[in-house]
Amino acid sequence: MANSDERTVEGLFNKVPAVTLVFWIIKILATTVGETAADVLSTTFNLGLVVTSYVMAALLIVALVVQFRTRKYMPTVYWITVVFISVVGTLISDNLVDNLGVGLGTTTIIFSAALAAIFIWWYASERTLSVHTIYTRRRELFYWGAILFTFSLGTSGGDLLSERLGLGYAVALAIFAAGIALIFVLYRAHLLGSVLAFWIAYVLTRPLGASAGDLLTQPASEGGLGIARLPTTAVILAIAAILVAYLTIQERKDPTKGIAASELPTT
């Protein structure tokens, strides 16, 4: 018998969005902002990694509190939380590498192990890793823990490929895009399950966005296009905000579509 506070059938709503093309576009924009915004705050505004980390961690905590207090998926709250967790995930990786001197290969292994541990714990507890039934507090905790480490892992893995291995941002961007395309093909061919395909693609979109952000904003001498970080971040955020506004309008037109009906408990 399930706990009554977690298994009330009436009014169970999925707390995360449906996985659509718009979802992936906003996700990539959010990951790109995670890279450029961290650089804007720490470098352009001269806050440094440590101060930037404290500020963004505090904002993330506030966003998570609001997200957990909502009864169902709210596009604005959800995506603001994703942007903050993207920046914090980036900063965790950057602090380990830049301030503590941990190698990118080591941080990639650490975050891979942490993400695997969360998935194992999540599955052992819930018997599913599906993002279509995030309607309990425990599942939401697992979900956001996994999301945080996908951003940290993606940051370390992306930097390892583009910077430490010297492939450059454009080549790294092409590699990660090809990886996502391959996952899509395998999924469409029914050679890869939907849950596994989702999480692999979710991890890969982080270094894809990070490589895109670095390609746009890093100086030409380092393989980038040298576009200023602040306007780049502002433009990306504006595009993301327009798409989130669109999702908000769609959600208001059909407020019941977030109900996790396909896997509602019956006991």
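I want to verify the translational diffusion coefficient of region 89-157 in µm²/s; compute it with Stokes-Einstein, Rh as the Kirkwood radius over Cα pairs, at 4 °C and 1.567 mPa s.
Values: Rh = 12.6 Å.
For the chosen part, D equals 103 µm²/s.
Going by C-beta contacts inside 10 Å, put Thr52, Thr36 in order with the fewest on the left.
Thr52, Thr36
Under a 10 Å cutoff between Cα atoms, tell me which one of Thr31, Thr150, Thr136 has the largest fluctuation in the Gaussian network model of the chain.
Sorting by GNM fluctuation, first place goes to Thr136.
Against the longest alpha carbon principal axis of the chain, how many degrees, from 0 to 90 and to the nearest 10, is the axis of helix 48-69 turned?
10
May I ask you to sort Met56, Met74 by Cβ crowding, counting other Cβ atoms within 10 Å and putting the fewest first? Present the calculation step by step, with values, prior to reporting the outcome.
Details: Met56 25, Met74 20.
With the fewest neighbours first, Met56, Met74 line up as Met74, Met56.
In percent, what relative contact order does region 21-253 have, based on Cα pairs under 8 Å that are 6 or more apart in sequence? Can you show the working numbers first?
Numbers: 283 pairs, mean separation 68.9, N = 233.
For region 21-253, the relative contact order is 30 percent.
For Phe13, which sequence-distant residues (separation of 5 or more, or a different chain) have an amide H within less than 5 Å of its own amide H, given hydrogens modelled in the peptide plane?
Ala260
Per residue of the chain, what 222 nm ellipticity follows from adding -39500 (n - 2.57) for every DSSP H run with n ≥ 4, rounded to the nearest 500?
Numbers: 8 runs with 176 residues, N = 267.
That comes out to -23000 deg cm²/dmol.
For the chain, what is one quarter of the convex hull surface built on the Cα atoms, given in nm²?
Working: hull surface 57.5 nm².
Projected area, direction-averaged: 14.4 nm².
Using only Cα atoms, tell me the angle between helix 194-217 and the longest principal axis of the chain; keep it within 0 to 90° and round to the nearest 10.
The angle comes out near 30 degrees.
What is the pair-distance distribution P(r) of region 203-244, computed from all Cα-Cα distances in 5 Å bins starting at 0, with each bin given as a whole percent?
6, 23, 22, 25, 17, 5, 2, 0
Against the longest principal axis of the chain, how steep is helix 229-253, in degrees 0 to 90 to the nearest 10, with axes from Cα atoms?
In the chain, helix 229-253 runs at an angle near 10 degrees to the longest axis.
Values in this text are rule-based calculations from the coordinates and carry no lab data. Just so it is clear, the structure is predicted and the values come from calculations on it, not from any experiment. Using ideal geometry, Cβ is built from the backbone for each residue, glycine included, and neighbour counts are taken over all protein chains shown.
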